[in-house]
């Protein structure tokens, strides 16, 4: 479905909705001490010179008609649906809320190598952020379709309407060539420091996975762009951490022997897990020697 327009450029076209407020966006600008009065709204392109709101203004308003939809599944397909959310309001509010939702299910583990704590995430936070902001920045807002985020056990897919800008190929964007469909929108996000530099998003997503055996990928259709972020935690490591977390919920006090029996692991492996739990502050040692027990914090 196409949104009605009375001009050729979506960003610059006068919005058909003029009863707009900017409470949410104002708070983001205020946090960074960036002016957001009427004059600055004109400079950014949210208002015309004769003070009509543009479609760009509509996107940053509390009344933004575009949304981000998230769906979470129990497995690696869409057969077992678990949860769904839809975020609305200003684009800035939507991005913040959608990122928080994805991060809620971004499993994190850690272990110690000597005195150094090594943390791992199912999905590198930078990749999540970059993929989401790219979708918002480059989508085709002449279509009313929502940005779709699918959370599977083995991957996250972010689908935005609008293929590549005419003249660009996938190879071009992988090499860092940037041609924004919404240059004024990109400029506002750059001013808010949500975009660090142009044309580096895909490369930075790849770099955030450099220590992993899996890599992000993308597909381009005539009217859609899909970014797939694979789960970077090895299945065995993720499974162990999930098992321990669930087991601790029902065992507020335990011995190393009890945990060893539950996990069916060697004494050495169990000692390593307990050592990590102690250093992470998730448990406390009680007593010494054979009578030692551990209490969940």
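Quick rundown of the values:
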{"read-out": "Ratio Rg/Rh [Cα only; Rh per Kirkwood] for the stretch 235-296", "value": "0.93"}
{"read-out": "36 Å tail of the calculated P(r), the chain, as % of Cα pairs", "value": "31 percent"}
{"read-out": "Ranked packing of 185-194, 205-214, most packed first, by mean Cβ within 10 Å", "value": "185-194, 205-214"}
{"read-out": "Gain in span if fully extended, residue 165 to residue 73, counting 0.36 nm per residue against the direct Cα distance", "value": "30.0 nm"}
{"read-out": "Coordinate range along principal axes, alpha carbons of the stretch 1-99, Å, largest first", "value": "52, 35, 19"}
{"read-out": "Rounded tilt (10° steps) of 235-249 against the dominant C-alpha axis of the chain", "value": "70 degrees"}
{"read-out": "GNM result for the chain, Cα springs below 10 Å: residue of 118, 68, 156 fluctuating most strongly", "value": "118"}
{"read-out": "Calculated Rg and Dmax of the stretch 142-297 using C-alpha coordinates, Å", "value": "23.4, 71"}
{"read-out": "Mean projected area (nm²) of the alpha-carbon convex hull when the stretch 68-230 is viewed from all directions", "value": "10.6 nm²"}
{"read-out": "Inter-probe distance in nm under a simple model that places probes 7 Å from Cα toward Cβ, at residue 255 and residue 280", "value": "2.4 nm"}
{"read-out": "Length added when fully stretched, residue 115-residue 12, from 0.36 nm per residue minus Cα-Cα", "value": "31.6 nm"}
{"read-out": "Which of 150, 138, 251 has the fewest Cβ neighbours within 10 Å, and the rest in rising order", "value": "251, 150, 138"}
{"read-out": "In degrees, nearest ten, helix 91-104 long axis to first principal axis of the chain (Cα)", "value": "20 degrees"}
{"read-out": "Length added when fully stretched, residue 265-residue 82, from 0.36 nm per residue minus Cα-Cα", "value": "62.7 nm"}
{"read-out": "Helix 267-279 vs. the chain, principal-axis angle (Cα, 0 to 90°, nearest 10)", "value": "50 degrees"}
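A short reminder: the numbers here are calculations on the coordinates, not readings from a lab. The shown structure was predicted, so the numbers you read here are calculated from the model rather than taken from an experiment. Reconstructed Cβ throughout: ideal geometry from the backbone, glycine too, with neighbour counts over all protein chains shown.
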